[in-house]
1. So which residues in the range 38-89 are part of a helix (DSSP H, G or I), over 22 Å from Gln26 (Cα atoms) and open to solvent by 80 Å² or more (accessible area, probe 1.4 Å), if there are any at all?
2. Within the range 22-39, how many residues are in contact with a Leu (Cβ under 6 Å, 6 or more places away or on another chain) and modelled with pLDDT under 95?
3. For the range 21-36, indicate whether the set of residues that are farther than 22 Å from Val84 by Cα, in a loop (DSSP other than H, G, I, E, B) and out of contact with any His (no Cβ under 9 Å at 6 or more places or on another chain) is non-empty.
4. If the requirement is being closer than 18 Å to His91 by Cβ and of a type outside the set (Lys, Arg), which of these qualifies: Ala41, Ala50, Ala30?
Amino acid sequence: MIRDLYNVRLRPVEDTSTPLTGEEEQRYRAVLFSELGNKIADQGWVRYPAYTPEDRRRLVDVAHRLTTYWGQQVLVEAEDQCRVRLCLAGHEASPRTLPARS
């Protein structure tokens, strides 16, 4: 049996994110600068999620701003597809060594 559907509307997709306005972007970067900067100052490094290319660009920008502000280089490295690590020079993650070939 076929049923007719009346008053059915498509719902907007909830997984898409709307871009931030200029003011929201500026405030978000200021919060990242403050919060991540405090964490880096305390322990020398911090991990932060970065799910989109825009998230990664924000974190790179924050690292450049922190480098300028402190006069000490803040490095950025992707740990995996969803996480970025910011650290002061000298607090880099130890390089992963491959087992020796026999």
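The values are calculated or read from the model by the stated rules, or taken from the named source; none is laboratory data. These numbers were taken from a predicted model, which means no experiment stands behind them. All Cβ positions, glycine included, derive from the backbone under ideal geometry; neighbour counts span all protein chains shown. Side chains are part of the model used for accessible areas, which takes the heavy atoms of the whole protein and leaves out ligands, DNA and RNA. Shrake-Rupley method; radii C 1.70, N 1.55, O 1.52, S 1.80 Å.
1. Within the range 38-89, just Asp42 meets the criteria.
2. 0
3. yes
4. Working: Ala50 fails: closer than 18 Å to His91 by Cβ; Ala30 fails: closer than 18 Å to His91 by Cβ.
Criteria check complete, one pass: Ala41.
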